[in-house]
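The values are calculated or read from the model by the stated rules, or taken from the named source; none is laboratory data. Model, not experiment: these values are computed from the prediction. Virtual Cβ from ideal backbone geometry, glycine too; neighbours counted across all protein chains shown. Heavy atoms of the whole protein, side chains included, go into the accessibility calculation; ligands, DNA and RNA do not. Shrake-Rupley method; radii C 1.70, N 1.55, O 1.52, S 1.80 Å.
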Amino acid sequence: MVDGFPCNSHLERIFSSALLLFIHLQFRSSIVLNTFTSIMLCLDVMHSFKPGPWTVILAALVLFFAWRMKKFSDGLRAVNFLPGKIVMFQPYAFPGQIFPTTWWNLGIDFVWKWRGCLYEEFDNDTISIVPFLWGSPGIFTRNPEVARQFVLGTNAGFKKPESASNVFAVWGQNLLSANGDAWRKHRRIIGPAFSNELYELVWDQSCQLYHEMVVDERWSSENIIHVEDMQKQTLKLALLIIGRCIFDFPLSWSEPPRSPDGIMSAHEAIHTVINSTNILLFLPKWMLHIPLPAFSKAKQASEALNQFLYSQAAQKKYEVHSNSSQSRSDLFTLLVEANESQGKLSLEDSEVIGNMFIMLHAGHETTGQAISSTLVMLAAYPEFQEEIMEEIKEVIGLDHNPEFGSFSKLKKAQAAFQEALRMYPTAHLAVRITTEDTIFSTPQEVHGSASLLLEKDVQLTVDMPALHYNPRYFSEPEKFNPSRWYGVSDQPESFSAFNVGPRSCIGRKFATVEAVCFLCMLLRDWKIEPLVKKGMTEESWRRKLYDVKVMVTLSLDEVPLRLTRRDFVAS
């Protein structure tokens, strides 16, 4: 032995002890017996040679790996030995989420990077992912029939896990984070606000904000515009639409909403909070005072957003009490009235703020990213851009603002938006968990048995990118092809960008109306083309179409565009 490191005979004894420990943990149900056995085996190893630092470390590693062998075996049994990936860490839990996607770690962006190959590896549309070193086992699917069982709640054994809900409940319980009766309460309060009156307002405000953008961004005097990242414009558009139409905030393009202290705009605060979710959600509050740039910015953004939300809620309460608010039943008024009322449909202060946050976040982040993606793909596939332009000429003309009545006739613009959402589903995961030992069915044509028994607490995930790129349901899925949606009146099961079932996105039509109006206004005035900058080629620009950021949402990274005024092109 050197410095307490055991010799070979001692190593053999340690590993034989680990094997005995695994056998005891695997086949004995008594917790007391398991604990007693573990302690006795450790003492036996420790007394077999002179203690030292290496001895303690090695003994700890032996115990850890014996415990993980037990957990790994339990994980395989929990998913009923469904074929799938064995990985070191669960991809959406620490530490797996902080490491990149490689051969030894899935990482949070594996759903995008491996969207076309992971399921083919196992010849199955539903697979298991079982971590060896850390994390819980799970099931991932790209099959719409299996997804329906998970998401629609056709089986009482599935529910949305608290870990998924907590991400969206930072500011308080809300429509997206609530479950069961609490979710039904939020839906009943919020639902009436999403009416044709609201959609017409969204259309009109989208037209107005387009004109404001052109003036304030100084596009009106230019014939050619270089845009490094269109998301900056579309995210701002979506935030202002939410602010004006949902919350009746007096906002303009040139003056984005700010917290009362004026330090940070609401737009910047929301983005920083969303990008700092792990810091704000999982770290103790005292750590935010550590002088690190990421911590300081997250703390500042959290405080600025908190001030902004509470100040706006206080102003709306004053308007409701003084009867000075507008007569229309905007969402903000409904939330405040529920806060003031008693009974089953009342809301706590934190629930009002929670719903304000989730509408500002989910309502603008996803829509803004999707509009930007649509514009990028129309630049990459100009033939569909010209088809939309012909539709614009036919339906709304070239010399006046379109009216909301035109929305239903702009089928090709709607199809382009839907196709961009298929290719880049912003809400890229739908997660459920088994609340009890549960049986779910897999289609007969999928390799494997027709039914599968899962143990309690198994995480179930609908993999939206893999579903939307599944060649069973979409031919040539890597190609942007809006024509696949021409003449399709109802959303197919295989398209899940807005989720499905009773918990489908309440803002689906809101987002589509906003997107179609803005797309038509922009495309009517500007031809959108790839911006191939110095040092780039057309091919390298096109490779950017696969550069995706996966965080709380999935979105394209920066893709530069060139906008050329159409009357300038014609001349």
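Brief remarks follow.
- Sole residue being surrounded by 14 or more Cβ atoms within 10 Å (Cβ to Cβ), hydrophobic (A, V, I, L, M, F, W, C), closer than 30 Å to P100 by Cα and out of contact with any Pro (no Cβ under 6 Å at 6 or more places or on another chain), chosen from M536, M521: M536
- Inter-residue pairs, beta-carbon under 9 Å, first at negative phi and in the range 282-296, second assigned to a helix (DSSP H, G or I) and polar (S, T, N, Q), 6+ apart: L288/S296; L288/S302; H289/S296; I290/S296
- Filtered by the rule that a residue be in contact with a Leu (Cβ under 8 Å, 6 or more places away or on another chain), more than 21 Å from E387 (Cα to Cα) and surrounded by fewer than 20 Cβ atoms within 10 Å (Cβ to Cβ), the range 549-571 gives K549, P560.
- Selection status of G180, small (G, A, S), in contact with a Phe, Trp or Tyr (Cβ under 8 Å, 6 or more places away or on another chain) and over 23 Å from V516 (Cα atoms): no
- Complete set of residues in the range 497-547 that are under 18 Å from the mean Cα position of the chain (by Cα) and part of a loop (DSSP other than H, G, I, E, B): A497, F498, N499, V500, S504, C505, I506, G507, D547
- Lone qualifier among G75, G84, G107 - being of a type outside the set (A, V, I, L, M, F, W, C), farther than 27 Å from S276 by Cα and touching a Ser or Thr at 6+ places or on another chain (Cβ under 6 Å): G84
- Residues satisfying the stated conditions in the range 165-185, i.e. out of contact with any helix residue (DSSP H, G or I) (no Cβ under 7 Å at 6 or more places or on another chain) and either closer than 18 Å to L360 by Cα or surrounded by 19 or more Cβ atoms within 10 Å (Cβ to Cβ) (or both): S165, W183, K185
- Tallying residues that are surrounded by fewer than 17 Cβ atoms within 10 Å (Cβ to Cβ) and either among the hydrophobic types (A, V, I, L, M, F, W, C) or in a helix (DSSP H, G or I) (or both) within the range 276-296 yields 14.
- Restricted to the range 57-146, the set of strands (runs of 3 or more DSSP E) holding at least 1 residues that are touching a Lys or Arg at 6+ places or on another chain (Cβ under 9 Å), of a type in the set (D, E, K, R) and open to solvent by less than 50 Å² (accessible area, probe 1.4 Å) is empty.
- Residue match in the range 139-161 (condition: in contact with a Gly (Cβ under 9 Å, 6 or more places away or on another chain) and modelled with pLDDT of 90 or more): yes
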